[in-house]
Amino acid sequence: MEGNVRAGNRLIGSAIPRTEDLRFVRGAGEYVADVSRAGQLHAFILRSGMAHGRIRHIDATRALALPGVHAVITASDLPQPMPSVDIRLQPMPSLVPFHQPVLANGVVRYAGEPVAVVLAESAALAEDAAGVIDLEIDALPPVTNIESSRGGDSLLYPRHGSNLAVKYTAVLGDAEAAFAGAPYRRRETFRVHRHAAVPMEPRGLLAEWDSAAGKLTVSGAAKVAFFNRRMLAAKLELPEDRVDLIENDVGGGFGARGEFYPEDFLIPFCAKHLGRPVKWIEDRRENLVATQHARDAQCEIEIACTGDGAIRALRGTAYCDVGAYIRTNGLVAPRNIAQFFSGPYRIANIHLESSVQFTNKTPSGTYRGPGRYEADFFRERLFDLAAADLGIDRVEFRRRNLVPKSAMPYAVANITPYEAVTEYDSGNYVSTLDTCLEKFDWRSKSQLAGRVSQGRYHGVAVGCFIEGGAAGPKENARIDLGSGGVVTVSVGSSAIGQGLETVFGQIAADALEMPFGKVKVRHGSTTLLREGYGSYHSRAMVMGGSAILDAAKGFRERLKRAAAKRWDCTPADTSIEDDRISGPGGRSIKFDELADDGISADGSFANHHHTYSYGAHAAHVAVDPVTGHVEVLDYVAVEDVGRIINPATLRGQVLGAVVQGISGTFLERFVYDESGQPLSTNFADYIIAGAADLPNIRVFLMEEEPSPINPLGAKGAGEGGIIPVGGVIANAVASALRPFGAEPHDLPLSPSNVWRLIEDARKSSRAAE
């Protein structure tokens, strides 16, 4: 297979501009909001304004009396038992009672939970009608934070008896024995705030029911269209092949967009129920209260080391606020916090628990680097504190504890329940650390730690990370020869902003030994293949790319057989180059001359092992002690991704992820009041970094250690740029504030929080005097 990949050595590894960008910059992209159908109705979701309560009464009489209003769907109009949102990743029977019903079923558990759907001739009319629905809810005591969730004075699920959904345990070696007699131990508590992916384009759906054909078509799919089709078909009691999910252009996903939400059932149900196309486009306020949240975790963690800084063990407990229900991928972050807490470091003894706690908030799910961003903040802060206690240079502390190349593959902690054993596939972690230090100019910049210049305190920090990718079990692809010699590559992977059409085109063109311009890539929609698995867990490149290689191998064989049949020779007597097949006696034929032969080939790639990219980041910050404002002056990101397919798109992935990490570390935050009301419901209150807030970000890409588990040698790279940002910047701030003795334990590092941190340190210093 390696020979097919490198054939011609023209495209893989080249910084080819993204072909899909042409239609975007020309305004020719087609998002679901751009799609309309004759006779369509518009949906508006009536959402609970209360965080916790019992629905006592709902009356839509006044709404239905308005001209242009066609229906109001409430829980009583839906099939019984009430459909709910299944868990996609790591489902367990014990968690079924915590699945979210598609409409509040007697009880509301967060402000923003869907209660009814209004269908009208326009979106504005539907919203007006929702405003006159009589909805009465008797309040129940809200649970608004991890502490009250653990206390259990108010329960979201009284029959369950607590607000703890499940507790994960990650174990490696014998942590208890390792802690016994350890010469150095330190225990700390850290917290990461609630923030989330907020794509520029909110969610949207257009559902159409063809009663004559018994066929449902839903536009607006993304990420995992085939899984969502399977879930939707089952809930509507339709054969799976009677449902198609169509992937339009998508303005970013970042873990949140494309999962199955209540609306993914409600809008198709309404279209089928009324026999009319139904369109729903989420507005920004809905996006901030209804699309899944993320992060929101705290931990109590303890480290044990030898006197020279070798880590003997880690132990502790994390508490994760997952909101009111467990949605499709809501368990990923809590599991990752426990299993991958150790990151790229060799720690022989681990015992970490992660408790999944319910609160009356918007349900949580994945956001770029789920669980790893949180764990990296916890771990890297603890490491800097431990290194300082031991009098060891913090770079040297990390270097001596990184997993060495000679230890690969390296097994990490096993996690239960839903037992999962995994190991890092390949890597030279010290190499990326050294590269980062060199590019950052650590030798000179580290001298700035704690120094004052123009009234600001300077600090620097470095941190290491790993990024998991290539989740299985499989991906599929098909290659078809069309008119004009154009080859169409169809993949089950979804495009969510990562440049899929370009990089898959590069892989296919190289494998087929044909011009890049002759390859057309289609993706995501359920109409393209019998089965696909989508894009999540940084899997598209490894899984989809490898499936394309498999399909290309079969496609080449079919091309050569077709040509050999015409020339009455064997396929071995033919060769392929630049969309032309050559044979004995100087004969040749172009691909387009075989278009009528119906040549196509299917391919797949199965995988039960993950890939692990890795790297190091470094930051230089300046802190104003008067205002608490932190400016990032320089940021360096280094990552080894195994094999680079397109350095330009990869650089964009890393750079964009760093930007999101900086924005989340400093600014973004979901705030709730004591009654469970969300206070961050617009971009004036939920603040995202702008261009003026961002530093000089320098990205350096490496490919020293290809992955041994796939024919491309590639590793996932969509999330690594965000994972270490919180920990690195927090450590840089701590470095700057060393003269004050201020140590950040919580994110975000907003000006008010940093100012308060400095003031608290000053008060403690004065009290000690």
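The values are calculated or read from the model by the stated rules, or taken from the named source; none is laboratory data. The structure presented is a predicted model; accordingly, all values stated were derived computationally and were not measured. In this analysis, Cβ positions are derived from the backbone assuming ideal geometry, glycine residues included, and neighbour counts consider all displayed protein chains. When the accessible area is computed, the model is the full protein with side chains, heavy atoms only, and any ligands, DNA or RNA have been set aside. Shrake-Rupley method; radii C 1.70, N 1.55, O 1.52, S 1.80 Å.
Overview of results
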item: Centre separation in Å (Cα based) which lies between segment 500-579 and segment 143-220; result: 39
item: Selected from N731, P81, S148, residue furthest toward positive end of dipole (the chain; charges at beta carbon); result: N731
item: Rounded to the nearest 20 debye, dipole of the chain from Cβ charges on Lys, Arg, Asp, Glu; result: 640
item: DSSP bridge orientation in segment 159-269 - percent antiparallel, rounded to nearest 5; result: 50
item: Cα-based shape type of the chain, given that a ≥ b ≥ c are square roots of the gyration tensor eigenvalues and the cut on a/c is 1.5; result: oblate
item: Segment 583-697 - accessible surface per residue (Å², probe 1.4 Å); result: 38
item: Accessible area of segment 136-256 divided out per residue, in Å², using a probe of 1.4 angstrom; result: 41
item: Dipole magnitude of segment 588-645 about its Cα centre (Cβ charges: Lys, Arg +1; Asp, Glu -1), debye to nearest 20; result: 260
item: Whole-Å distance, taken between Cα centres, linking segment 91-109 and segment 237-299; result: 17
item: From phi via Karplus (6.51, -1.76, 1.60), per-residue ³J(HN,Hα) for segment 457-470 in Hz, x at Gly/Pro; result: 9, 9, x, 9, 7, 9, x, 10, 7, 10, 10, x, x, 6
item: Sequence-distant residues sharing a close amide H with K520 (under 5 Å, placed H); result: V487, T488, V489
item: Trypsin sites (Lys or Arg not before Pro) within segment 378-485, DSSP loop, no more than 10 other Cβ atoms inside 10 Å; result: none
item: For segment 372-402 and segment 326-340, distance of Cα centres in Å; result: 24
item: Lysines whose Cα lies under 21 Å from that of K361, excluding same-chain neighbours fewer than 8 positions away; result: K167
item: Kyte-Doolittle mean at least 0.0 and Cα axial length at least 27 Å: DSSP H helices in the chain; result: 647-666
item: Those GluC sites (Glu not before Pro) in segment 191-265 that DSSP places in a loop and that have at most 10 other beta carbons within 10 Å; result: E237
item: For segment 562-630: Kirkwood Rh in Å [reciprocal of mean 1/r, alpha carbons]; result: 17.9
item: Rounded if a/c under 1.5, otherwise prolate or oblate - segment 666-769, Cα gyration tensor axes; result: oblate
item: Dipole magnitude of segment 601-698, debye to nearest 20 (Cβ charges: Lys/Arg +1, Asp/Glu -1, about Cα centre); result: 400
item: Viscosity 0.890 mPa s, temperature 25 °C, Stokes-Einstein D of segment 658-721 from Kirkwood C-alpha radius, µm²/s; result: 161
item: Net +/- balance of residues flanking E769 in space, Cβ distance below 13 Å, scoring K and R +1, D and E -1; result: +3
item: Gyration tensor verdict on segment 29-87 (Cα atoms; rounded if a/c is under 1.5, prolate if a/b is larger than b/c, oblate otherwise); result: oblate
item: Built amide H within the under 5 Å cut-off of A116, gap 5+; result: L46
item: Within the chain, longest stretch free of exposed chymotrypsin sites (Phe, Trp or Tyr not before Pro) [DSSP loop, at most 14 other beta carbons within 10 Å]; result: 1-417
item: Positive dipole terminus of segment 1-159, leading residue within G13, P93, G106 (C-beta point charges); result: G13
item: In Hz, Karplus ³J(HN,Hα) per residue of segment 712-718 (6.51, -1.76, 1.60; θ = phi - 60°; x = Gly, Pro); result: 7, x, 8, 10, x, 8, x
item: Trypsin sites (Lys or Arg not before Pro) within segment 150-184, DSSP loop, no more than 14 other Cβ atoms inside 10 Å; result: R159
item: In Hz, Karplus ³J(HN,Hα) per residue of segment 674-688 (6.51, -1.76, 1.60; θ = phi - 60°; x = Gly, Pro); result: 5, 8, x, 7, x, 9, 10, 10, 7, 7, 7, 9, 9, 9, 10
item: For segment 361-418, radius of gyration divided by Kirkwood radius, i.e. Rg to Rh on alpha-carbons; result: 1.09
item: Extension reserve of the A213-V626 stretch, reckoned as 0.36 nm per residue once the Cα distance is removed; result: 141.8 nm
item: Radius of gyration and Dmax over the Cα atoms of segment 165-319, both given in Å; result: 23.6, 76
item: Estimated distance in nm for a label pair at T416 and R242, the labels positioned 7 Å out from Cα along Cα-to-Cβ; result: 4.4
item: Protein accessible area in segment 125-263, 1.4 Å probe - carbon and sulfur %; result: 50
item: For segment 401-458, with +1 on Lys and Arg beta carbons and -1 on Asp and Glu, the positive-most of Q454, N401, Y424 along the dipole; result: Q454
